[in-house]
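Peer 1: Quick one: this structure, given as structure tokens, is what I'll be asking you about.
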Amino acid sequence: MPKKTSAKPTSAPRSEDVSPTLTRLFQARNEWDRLYQLSNLLKEAQIDLPDFFDSPAVWSTICREPDPEKLAWRLGQEIRRRADGKVPTCLQPYLDRPDLAEQERSQDESRFRTELSQWLREEEPDTSVPPKRGLAIVWKVTGGVEPLQNHVSIELRANSPKLREGARNFFQVRGLCNELAHRPELFSIEDATLLRWLSDYFALLATEKHKHGSPFLTDNRSLLVWLQQWGQSGRCRYEEGNGAVEYNAVPARIVPKLEADSNGHNGRNAAMRLEFEVTTAAGLREPLADAKLFLAPKGDNGRLELELVQVKGCFYRLIERPPRSILTLALKNGPTRLEAAASRDFLPHLLRRYPNLQSQVKVHLRQIPAKAHFYFNLDEEDVLQIRLIAQARYSNASWEWTTFGWAKLPPKVALHNGHTVEEMPAPETEEAIEESHSHAISSESSNEIWDEIPAEADCTLAQEWLTGWNGEAGELCGRPDEPGWWQTLHGKRIPELVKLWQERSTQWSYYGNKRFQQFVNGKRHSFPKIRIQSSGVDWFTVRTEWEEESMRLTPADWQKLQQSDDPYIKLGNGTWLQREEAEQLGTMINALAELGFTDGNSATEQTISALQLAGTQASTWDALQNFSDKEFQAELNKLRDTLADFKGIPAEDLPVGLKATLRPYQHEGFSFLVYSARLKLGAILADDMGLGKTIQSLAWIEHLREKDGPSPSLVVCPASVVFNWQREAEQFTPGLKVLALTAGANRHGMREEIPQYDLIITNYALLRRDLMSLKKYQFRAVILDEAQNIKNPDSLVAKAAKMLNAQHRLALTGTPLENRLLDLWSIVDFVHPGYLPNRNQFTDQYDRGASPAARSHLSGRLRPIVLRRLKKQVAQDLPDRIEERIDCELTEGQRKFYLAELQRSRQALREVDPDQGRIHVLAALTRLRQICCHPALAGGKKLLGSGKTAALFELLDQLHAEGHKVLVFSQFVEMLKLLQAELIERGRPHYMLTGQTTNRSEVVANFQNDPQPSVFLLSLKAAGTGLNLTSASYVILYDPWWNPAVEAQAIDRTHRIGQDRTVIAYRLVTRDTVEEKIWHLQQSKAQLVQDVLGEQGFAGSLTKADLEFLLADPQEIPAEPA
């Protein structure tokens, strides 16, 4: 690999080559002097950058750079970026500096991390210390020569101990921004926010000619920006009156106003007064004379337009107004008197354009008989638009009701905004429509008619009914250009609207899009449909679908249903359901999920096993019957009748080669594995610890061998139980040829012999290493023991396990679910890929706030492939006590330490007096036993590790996950202390009792009464007798005792009167060590089990051959003494 080299800096120019202007720039005493010298440098280079000095990057950052070379480099980079690549000649030698670029990048990354950390850890400021700076934004509104030339000047005034209401110009404001960056404690939060905003908008907020004066903003070009940012904050105030500047987001209009002239007369020649007023949809109506108008740039062309109006100190944005020339004359001359007869050419047009004038000139309006039509549009966001249209009965004229009155519609106008609308049926109760008017109804015939409107008698009630919907005009809800009345639906408000709909009149017509019709159609009775496509003895192929696709509850819907008390519930797909309807639907979906049917609407076929359906409770069938139609009930009955022929999993004959008697529940487990294999299903045997998952699996492997002939099966298990599998296979299924692949160089040659064996045993660590070799073989079965080792689907061991080739797959685990459902998914994905949805779908459907129906469906779906029995469920089949040996391996360092001590002990014994040899042997044996427990007990380094300690915590982790309390016995108090330290590090609840414990009864009571899974560390001598610890049903003997009777007494601490559970005891024995030899001697000297004389009784019975056996080299073990 080539050696990485750092960028070499380009040499800087010599001092005599630096231009005088650049020299003065380097020698400048502060950033203001540097700015001045920099402007001279740009002039010399004939580079025009008008906004260059307004940038905080220039005046606040670059011009503060203390290193001259870096200053020149940074200026060159910034000028080149802004001037399209053009750079002053004197700065060009500094451009090619990769070292400075790397340094800048590193500093930026460091500053980013620092500021990010400060931001995330930002605490509330200390309000007990007042800021030393105070800022005020003062507005002054002044009029111009022309009525429309009002303008605003804005000053930023600062207060400090030395300054009161001091106006700041552009550069002084920039200085305040710079001060904020370095001394933020001087400013309040509100003032800091203001200064940051000003810093971002400097280029927009000030003009060049006013930068040195005060106020620093003197035109209207950024007025709207100020109003939108600060107009609703109360931050700005007027100089006159000290009132707050306000900005209302509701747009305003300038519209004409007509009134009868008090000096005129009635009749055809009645005079009217025309003036203008400012109005909003929120009800504002103020004379134009009392308002101030402001010109501001409109769009990108910068042309000044009449954009803003101020009424009573509040600013509004104008969206409609007459031409500026008309407004100028109206403001100059006041109200205009119009003779009706002389104005007939434009008054009708005025009325059509401004419906608000209708109420002022009713005598000049002809009322036309009309029929009301309502148009409803409900969008996906539950925003409802309602439009009231009046259609003339005897012509094509039509009008729409607006905030200002009846607006005449052009012919063939679209009334549905692009949405499909359908006429909706009228209420069932029909009422007669009275035709009480002639073709036209008008006022006095002497009045001249200027326009036509719908007859009040036909539309007044429709207008009142529309008011009941409480809709808002589009201008009030962000839709100034959209007609109609708007409102957003809410669950609490819906019953009132539904009632209003149900009480609608038959005299009007109603149109609505599909979504609105679904909303108001009321409660629906939607049932699922089930079709049994085919069936057999063990399987059913079923298709389920809903009458309506929208009838489906997601996990979020379930959560909303449980948390909300609204009478209407909105589903995730946008459908609104009555609470009663949703609850019934939930009951139906729950029942279908219990059967294992998905509640989806895809109408896809589902394969359901008879075993899955056989576990369905009667209440589930009853619920489906109660909420289903006759057709569905018939299909259900057909399914139940077919299911009646299924008698459950048949009991299978045990294989001939099994040399063990299975308990009833173990025989059922064996039959389950045979049944699953016959159906080509993977299986998970999830019995509690100690219930014999190993022997059930061995019986199944033997069954497959006797049924289909020899073929290798692979067991992957923790390293601590590899030899347990080997030992139990040799004991219970001696017909199986067993190969244990353990760590070592000879393992590679042994892999080539796999086809010659029936059972291959390896551990999870070696599985990853040997995967490429193991993938070459087609195994009859792959069994994962302690399958929670693959609970993380992203782990290498999980991926390796799923790459193995096998005809059958079995997972053994006492804790199929530890922390999350994804643990279980990973195991199922191993035993039967594709049986559950893919990972993302599974997580969305079942793991993230899943509904009860989703969990029920998952439970039903897993029923055919998961068999789990708790100890309490099979208590009647269990003996009072079960004892099991677990073999442990020495770590590499521990093994070397053990062998060295063994050789030393053997050499020492050769040199002692034969009469005292027995005492020295027992001492040497004790030391070797300590090393088997942990090298630290015999003076070894703790870092050597202990295979037995690792095996213990594997066991404790499983028992803790299953919620069990455990007793751990050791005769070495120092060992208990080592275990206690490890438990503390892992944060596991525990107790300890040794001969030094003074409050024995209190410690025992605390353990007995602790409801949480916990560990009790006990000294064998101190706790071997006199204690009653029945709250625990698992016992672990960490190190074997000389006398089995003493071990039995320890187990009896939990197996006492009052114990209502089977006690399971584990003996941890280190293979190929003195511990294993002691265990063999115990079995061969069975009569000593009854010996109560303790260690001396056992030691006294040891012969010379026994001592040689115990101290024999592991490589050359003599025959076990008789």
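Peer 1: Starting from the Cα gyration tensor of region 882-988, take the square roots of the eigenvalues, sort them a ≥ b ≥ c, and report rounded, prolate or oblate (rounded when a/c is under 1.5, otherwise prolate if a/b is larger than b/c, else oblate).
Peer 2: Taking the square roots of the gyration eigenvalues as a ≥ b ≥ c, region 882-988 is prolate.
Peer 1: Non-local amide H neighbours of Ile649 (under 5 Å, H modeled in plane, Pro and chain starts lacking H): which ones?
Peer 2: Result for Ile649 returns nothing.
Peer 1: Right, here's the next one. Past 20 Å, Cα to Cα: identify those pairs from Lys680/Lys799; Lys941/Lys977; Lys693/Lys948, in the order given.
Peer 2: Lys680/Lys799; Lys693/Lys948
Peer 1: Output the pairs from Lys942/Lys1021; Lys140/Lys312; Lys140/Lys257 with a Cα-Cα distance over 19 Å in this structure; if there are none, say none.
Peer 2: From Lys942/Lys1021; Lys140/Lys312; Lys140/Lys257, over 19 Å: Lys942/Lys1021; Lys140/Lys257.
Peer 1: Once both labels are modelled 7 Å past Cα along the beta-carbon direction, what's the Glu190-Asp877 spacing in nm?
Peer 2: So the label points at Glu190 and Asp877 sit 7.6 nm apart.
Peer 1: Shifting gears a bit: Which entries of Lys659/Lys707; Lys570/Lys791; Lys371/Lys499 have Cα-Cα distances beyond 28 Å here?
Peer 2: Check vs 28 Å cut-off fails for Lys570/Lys791.
Peer 1: If I stretch the segment between Val145 and Val383 completely, what's the gain in nm (0.36 nm per residue apart, minus their alpha carbon distance), one decimal?
Peer 2: Working it through step by step, the gained length comes to 80.9 nm.
Peer 1: Give, in nm to one decimal, the length gained when the segment between Glu115 and Ile47 is fully stretched (0.36 nm per residue of separation minus the Cα-Cα distance).
Peer 2: 21.0 nm
Peer 1: What is the distance, in nm, between label points placed 7 Å from the Cα along the Cα-to-Cβ direction at Arg751 and at Arg1000?
Peer 2: Placing both labels 7 Å beyond Cα along the Cβ direction yields 5.5 nm.
Peer 1: Okay, moving on. Could you order peptides 402-409, 782-789 by the average number of other Cβ atoms within 10 Å of their residues, highest first?
Peer 2: 782-789, 402-409
Peer 1: Still on this model: Stretch Ala923-Asn396 to full length: gain in nm at 0.36 nm per residue minus the Cα-Cα span?
Peer 2: This chain segment gains 178.0 nm when fully extended.
Peer 1: Let me ask another. Explain nothing, just compute: Karplus ³J(HN,Hα) = 6.51 cos²θ - 1.76 cosθ + 1.60, θ = phi - 60°, for every residue of region 358-373 in order, whole Hz, x for Gly and Pro.
Peer 2: Values per residue, Gly and Pro as x: 4, 5, 8, 9, 4, 5, 9, 10, 8, 8, 9, x, 8, 10, 7, 10 Hz.
Peer 1: Further, regarding this structure: Can you list the HN-Hα couplings for region 95-112, worked out from phi with the Karplus curve (6.51, -1.76, 1.60; θ = phi - 60°), rounded to whole Hz and with x for Gly and Pro?
Peer 2: 6, 7, 10, x, 5, 5, 5, 5, 5, 5, 4, 5, 5, 4, 5, 5, 5, 4
Peer 1: Considering amide H positions built from the backbone, and no H for Pro or chain starts, which residues 5 or more places from Ile368, or on another chain, come under 5 Å of its amide H?
Peer 2: Ile441, Ile453, Ala455
Peer 1: As a footprinting exposure proxy, order Lys1077, Lys86 by other Cβ within 10 Å, with the fewest listed first.
Peer 2: Lys86, Lys1077
Peer 1: Once the Cβ-Cβ distance between Arg366 and Asp566 is put in as r, and R0 is 45 Å, what FRET efficiency do you end up with, to the nearest 0.05?
Peer 2: Efficiency, from the Cβ-Cβ distance: 0.40.
Peer 1: Still on this structure, I have one more. Alpha carbon centre of region 489-514 versus region 766-828: separation in Å?
Peer 2: That distance is 59 Å.
Peer 1: Give the peptides 289-296, 486-493 in descending order of average Cβ contacts within 10 Å, highest first.
Peer 2: 289-296, 486-493
Peer 1: Please list, in chain and number order, the residues 5+ apart from Leu318 or on another chain whose amide H is under 5 Å from its amide H, with Hs placed from the backbone.
Peer 2: Under 5 Å from the amide H of Leu318: Ala252, Leu308, Val309.
Peer 1: Once phi is turned into ³J(HN,Hα) by the Karplus curve 6.51 cos²θ - 1.76 cosθ + 1.60 with θ = phi - 60°, what whole-Hz value does each residue of region 465-473 show in order, with x for glycine and proline?
Peer 2: 5, 4, 4, x, 6, 6, x, 10, 5
Peer 1: Next question. For the pair Arg839/Lys941, report the inter-label distance in nm, with labels modelled 7 Å from Cα in the Cβ direction.
Peer 2: Going from the Arg839 label point to the Lys941 one covers 3.9 nm.
Peer 1: Set the Förster distance to 25 Å, then compute FRET efficiency between Arg904 and Lys1021 from the Cβ-Cβ distance, nearest 0.05.
Peer 2: For Arg904 and Lys1021, the calculated efficiency is 0.35.
Read the figures in this text as sums done on the coordinates, not as results from a lab. Keep in mind the model is a prediction, meaning the values are calculated, not measured. All Cβ positions, even for glycine, are placed from backbone atoms using ideal geometry, and neighbour counts span all protein chains on display.
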